[in-house]
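Each remark here refers to the structure printed beneath this line.
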Protein chains: 4
Amino acid sequence: MRSAEDYQKWYQQPHTAGHWLDKFVYGLPELHRQELRTAHYVSGVGCNATASILALLPLAQSGLLDIAQKVIVEIKVGSSEGGAKGNPGTHHPERSGVVRTYAPFGHRHTAEVIQELGLSNVALTMTSVDLVRGALATAHVQLEPGTLTRDLWKVYRQVVAENLFLRLVKERQGVYRVPEPKILAGSNYADLGFDLDEGTGHLVAMCAIDNLMKGASGSAVQCMNIMFGFDETLGLEFSGLHPI
Amino acid sequence: MRSAEDYQKWYQQPHTAGHWLDKFVYGLPELHRQELRTAHYVSGVGCNATASILALLPLAQSGLLDIAQKVIVEIKVGSSEGGAKGNPGTHHPERSGVVRTYAPFGHRHTAEVIQELGLSNVALTMTSVDLVRGALATAHVQLEPGTLTRDLWKVYRQVVAENLFLRLVKERQGVYRVPEPKILAGSNYADLGFDLDEGTGHLVAMCAIDNLMKGASGSAVQCMNIMFGFDETLGLEFSGLHPI
Amino acid sequence: MRSAEDYQKWYQQPHTAGHWLDKFVYGLPELHRQELRTAHYVSGVGCNATASILALLPLAQSGLLDIAQKVIVEIKVGSSEGGAKGNPGTHHPERSGVVRTYAPFGHRHTAEVIQELGLSNVALTMTSVDLVRGALATAHVQLEPGTLTRDLWKVYRQVVAENLFLRLVKERQGVYRVPEPKILAGSNYADLGFDLDEGTGHLVAMCAIDNLMKGASGSAVQCMNIMFGFDETLGLEFSGLHPI
Amino acid sequence: MRSAEDYQKWYQQPHTAGHWLDKFVYGLPELHRQELRTAHYVSGVGCNATASILALLPLAQSGLLDIAQKVIVEIKVGSSEGGAKGNPGTHHPERSGVVRTYAPFGHRHTAEVIQELGLSNVALTMTSVDLVRGALATAHVQLEPGTLTRDLWKVYRQVVAENLFLRLVKERQGVYRVPEPKILAGSNYADLGFDLDEGTGHLVAMCAIDNLMKGASGSAVQCMNIMFGFDETLGLEFSGLHPI
């Protein structure tokens with residue numbers, strides 16, 4: 001968080017070292033690659049914030065996203081997001097096979113999406129599903145009438161071309177036509193996808209990640225690579241398993 | 001469908017017996033119980049349509065839902081929705097552990113939601129998750145500013161009181177604080193829940209069902225019970241298993 | 001346990017009320033139905049002991065089982081066997097997708113199999129798999145050379161005929177050709193199956209149960225029904241779900 | 001298979017190129033590393049044969065295994081063993097959560113275990129469990145009375161020291177005390193473990209693999225590395241994911 005007030009609001013406790021906040025760069029290379037090259041302090045990123053921000057990134061960078069409008073992001077997550085220590089809700093008989101909307105509103109990572117994309121009205125709704133690693137963010141955005149699918153292809157292709165760990169997944173055939181966290185386990189890739197209802201301007205923008213890689217430690221390694229002038233992909237080449 | 005034109009639009013083929021359409025009652029007791037008592041023909045209902053309609057029912061019946069506004073329903077579904085016959089996408093190595101948004105728009109059941117609730121702008125987004133039976137619909141609705149959580153409690157309590165197979169699940173503690181399809185397997189209950197951001201009027205309305213019961217055959221039995229004057233719950237008393 | 005010495009051996013602690021031991025009937029109706037009718041005290045049974053004993057029951061009652069020989073029972077179990085309270089091994093990220101042979105030897109339920117069938121050399125090997133409810137016991141037994149499959153059909157048919165909650169599952173076609181715990185969730189049935197290598201006399205005898213029903217509380221209710229002269233199936237009629 | 005007769009017996013059809021059989025080396029480096037260095041033709045290996053052979057390898061090489069005695073191997077397998085094409089049994093609603101002993105006897109891979117270890121009386125019993133990649137073989141062997149656990153430690157340590165892709169997993173504490181296929185997905189390691197009942201000489205010997213790596217293609221790459229004089233681990237360094 002850049003602001004101690006925002007921290008207090010979302011974490012319900014005062015920040016204990018507020019004077020450090022403005023020294024840190026938010027550790028998402030797709031947003032801050034240039035600053036990271038000279039950064040001394042880089043913050044860790046939230047996994048659900050990462051998936052949400054990257055789902056919206058092509059729209060934000062291209063100006064297609066009106067930041068004043070309402071944005072809804074539905075995020076489906078695996079059990080590893082809960083951390084290494086169990087709780088009654090992660091006991092296997094209770095956690096296996098769930099579809100559990102545990103946070104309709106107010107998830108802390110929402111604050112990062114607001115801060116980094118400048119959105120004024122965004123809701124993250126969190127649902128646990130039966131999966132260990134992985135998160136899928138599905139964002140619902142209203143675009144200007146007249147926006148065409150081919151405009152979006154152009155926008156996504158550019159973002160993907162500029163970021164080694166972003167890929168566009170949009171196939172007409174086959175089992176994996178859209179981003180799928182299942183095949184990203186252990187990988188640092190964030191797979192993006194979209195579908196536009198040209199008649200209404202309703203856009204569904206998706207991002208799949210492995211929350212334990214691109215969602216947290218993978219991005220941290222990627223940031224370190226940039227800070228030290230290493231190849232950005234160093235130590236992050238694993239491309240995932242299929243089937244898994 | 002009530003209209004052959006709508007059928008053509010959503011099913012991409014002409015209806016072969018259009019003159020029968022207006023003889024049928026839509027087979028959801030929570031909407032048409034009175035008509036069902038004297039009905040000769042009752043249509044089957046779509047499982048995802050059922051979950052979406054029931055999630056929105058308390059709002060529709062109380063007048064809190066402005067039917068002109070945009071409604072987004074995110075539905076997470078189990079593999080039994082695909083039917084008894086397999087396809088490449090339901091082969092276990094490809095289907096296990098997925099979080100697969102297979103239909104951002106255009107799911108056929110959308111037509112039933114539009115028809116039955118009179119909505120003009122609704123999108124159903126479908127995501128497959130690792131589960132056999134079950135569907136969870138999470139609807140995002142904008143309410144009039146000033147609506148309070150306690151207003152919604154009243155509205156939900158009334159709907160639940162009038163319908164034997166609807167329950168309100170809204171707990172402050174424990175593992176199952178919200179509707180959860182996992183524990184409804186084999187049961188005809190539809191569990192409703194909601195969460196309101198009073199500051200913005202953003203409402204998240206949920207409905208969990210077993211798609212093979214309340215989503216299809218269970219509702220059909222329930223309709224038959226009503227048509228024949230039987231107890232509405234006859235043959236539908238199974239209350240689900242926990243843990244499962 | 002009938003003997004305080006055996007209790008000490010398998011539970012590594014002295015029995016605190018040894019003088020009560022001989023007042024109790026072991027609560028498995030398939031072994032002690034007659035005694036249960038007049039019993040005042042009935043012991044609970046172990047779920048894995050139940051699956052093992054029932055897998056071997058047709059052989060024991062028909063005299064095909066030589067109790068002096070070595071019997072190996074491999075048992076695959078779901079996570080609900082661990083109880084309602086979690087531990088690090090039942091935390092979903094650690095428990096999902098496991099095939100974990102947690103007790104090659106020495107499982108406490110072995111003592112019940114020895115006591116009830118009079119076996120002198122039996123090993124239960126326990127493996128956790130990804131399932132909530134259910135256990136499958138696969139017993140390996142050496143039969144006298146010359147025993148034929150048709151002899152076993154006769155033996156199994158008789159046992160099944162005498163016990164309402166035992167069924168023989170042995171199909172040539174289809175997906176469910178052998179006992180399968182998955183479809184027994186919530187049911188009190190124990191499904192038996194077998195396959196004989198006539199050339200060597202090696203018999204594989206199987207029993208599938210829901211450990212939370214026939215493996216524990218279901219058998220307890222069944223015992224109570226017998227003790228009170230009720231219909232043995234009272235409250236136990238649920239036949240399971242398919243698919244699940 | 002080395003013999004056309006054995007092929008006919010286990011595959012129920014004549015071998016179409018029997019004169020080629022004796023030109024091939026069985027492609028398991030742990031058995032034939034020396035021959036592979038000069039081999040021109042190498043056969044692929046069965047995944048379940050690999051798990052069974054490696055579970056028994058320390059015993060076979062040390063002379064502790066009496067090949068005339070009965071050996072029982074219980075193998076639990078994931079759905080990827082069924083291949084890339086689905087069938088009614090791999091349709092997710094039917095395959096999810098199963099514990100299905102689909103082949104008590106007669107699995108084709110048994111022939112490889114007999115051929116490679118010279119066993120005269122071995123049974124492989126196959127059970128499908130809910131997992132995509134992975135197989136666990138649990139072998140039951142009767143050792144000479146007087147064999148001690150410390151003798152086995154010595155035997156296992158030597159085999160592990162001589163084979164880069166074999167590891168001994170035998171811990172007193174923690175969640176992963178024994179070989180576990182779950183954490184081997186994508187890895188070429190075969191993890192071995194054992195437990196001995198010193199009183200009876202009953203040994204449980206385990207081997208966990210990823211059937212799509214060490215069970216098939218991984219071993220094939222390993223063989224190629226040896227044939228061409230490359231580093232045996234080339235292209236096979238992935239060590240698995242945890243949690244997964």
Here is a check on your reading of the model: is B:ILE244 out of contact with any strand residue (DSSP E or B) (no Cβ under 7 Å at 6 or more places or on another chain) and within 26 Å of B:LEU59 (Cα to Cα)? no
In the list D:GLY27, D:GLY18, which residue meets the criterion of being surrounded by 13 or more Cβ atoms within 10 Å (Cβ to Cβ), at pLDDT 95 or above and not acidic (Asp, Glu)? D:GLY27
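One line per residue, one yes/no per condition, for (1) surrounded by fewer than 16 Cβ atoms within 10 Å (Cβ to Cβ); (2) over 30 Å from B:GLY201 (Cβ atoms); (3) aliphatic (A, V, I, L, M):
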position	(1), (2), (3)
A:PRO88	yes, yes, no
A:GLY106	yes, no, no
A:HIS109	no, no, no
A:THR138	no, no, no
A:LEU143	no, no, yes
A:ARG150	yes, yes, no
A:LEU166	no, yes, yes
A:VAL169	no, yes, yes
Filter region C:32-70 for residues that are of a type in the set (Val, Ile, Thr) and either under 20 Å from C:HIS202 (Cβ atoms) or modelled with pLDDT under 95 (or both) and give the result. C:ILE67
Read through the list (1) out of contact with any helix residue (DSSP H, G or I) (no Cβ under 8 Å at 6 or more places or on another chain); (2) part of a loop (DSSP other than H, G, I, E, B); (3) more than 26 Å from C:ALA139 (Cβ to Cβ), then give the number of the only condition that D:ALA68 fails. (3)
In region C:188-198, residue farthest from the other protein chains (Cβ to nearest Cβ) [restricted to those that are of a type outside the set (Gly, Ala, Ser) and in contact (Cβ under 8 Å) with a residue 40 or more places away in the chain]: C:TYR189
In this structure, does C:GLY218 turn out to be of a type in the set (Gly, Ala, Ser), within 30 Å of B:LEU184 (Cβ to Cβ) and either touching a helix residue (DSSP H, G or I) at 6+ places or on another chain (Cβ under 6 Å) or away from chain D (no Cβ under 11 Å) (or both)? yes
Just give me the residues in region B:6-21 being without any contact (Cβ under 8 Å) to a residue 60 or more places away in the chain and not hydroxyl-bearing (Ser, Thr, Tyr), in sequence order. B:GLN8, B:GLN12, B:GLN13, B:PRO14, B:HIS15, B:ALA17, B:GLY18, B:HIS19, B:TRP20, B:LEU21
Considering B:VAL122, B:VAL113, which residue is outside any loop (DSSP other than H, G, I, E, B), within 17 Å of the chain's Cα centre (by Cα) and either surrounded by 23 or more Cβ atoms within 10 Å (Cβ to Cβ) or more than 11 Å from chain A (Cβ to nearest Cβ) (or both)? B:VAL113
Scanning region B:125-159 for residues that are over 17 Å from B:VAL178 (Cα atoms), part of a loop (DSSP other than H, G, I, E, B) and within 11 Å of another protein chain (Cβ to nearest Cβ) gives B:ASP130, B:LEU131, B:VAL132, B:ARG133
Please pick out the residue among C:GLY97, C:GLY89 that is part of a loop (DSSP other than H, G, I, E, B) and out of contact with any Cys (no Cβ under 9 Å at 6 or more places or on another chain). C:GLY97
Keeping to region D:68-91, report how many residues are under 16 Å from D:ARG133 (Cβ atoms), within 14 Å of chain B (Cβ to nearest Cβ) and not acidic (Asp, Glu). 8
Those residues of region C:1-44 which are among the basic types (Lys, Arg) and under 14 Å from C:GLN115 (Cβ atoms) amount to C:ARG2, C:LYS9
Among the candidates A:GLY201, A:GLY229, A:GLY174, which residue alone is at positive phi, surrounded by fewer than 16 Cβ atoms within 10 Å (Cβ to Cβ) and facing chain B (nearest Cβ under 10 Å)? A:GLY174
Every listed condition ((1) hydroxyl-bearing (Ser, Thr, Tyr); (2) within 21 Å of A:GLY46 (Cα to Cα); (3) out of contact with any helix residue (DSSP H, G or I) (no Cβ under 9 Å at 6 or more places or on another chain)) holds for A:THR200 save (2)
Against the conditions (1) closer than 28 Å to D:ASP195 by Cβ; (2) in a helix (DSSP H, G or I); (3) in contact with a Lys or Arg (Cβ under 7 Å, 6 or more places away or on another chain), where does D:ALA49 fall short? Just the number, please. (3)
When region D:232-244 is checked residue by residue, the ones that are crowded, with 17+ Cβ neighbours inside 10 Å and either more than 30 Å from A:LYS182 (Cβ to Cβ) or more than 14 Å from chain C (Cβ to nearest Cβ) (or both) are D:GLU232, D:LEU236, D:PHE238
Just checking, does region D:142-157 include any residue being in contact (Cβ under 8 Å) with a residue 12 or more places away in the chain and under 23 Å from D:VAL77 (Cβ atoms)? no
Counting only residues that are under 27 Å from B:SER62 (Cβ atoms) and in a helix (DSSP H, G or I), region B:3-46 contains a total of 9
Look at region C:201-242 and say how many of its residues are without any contact (Cβ under 8 Å) to a residue 12 or more places away in the chain, in a loop (DSSP other than H, G, I, E, B) and within 26 Å of C:LYS76 (Cα to Cα). 1
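The values are calculated or read from the model by the stated rules, or taken from the named source; none is laboratory data. On a predicted model such as this, the values are computed, not experimentally measured, just so you know. Note: ideal-geometry Cβ built from the backbone for every residue, glycine included; neighbour counts use all protein chains shown.
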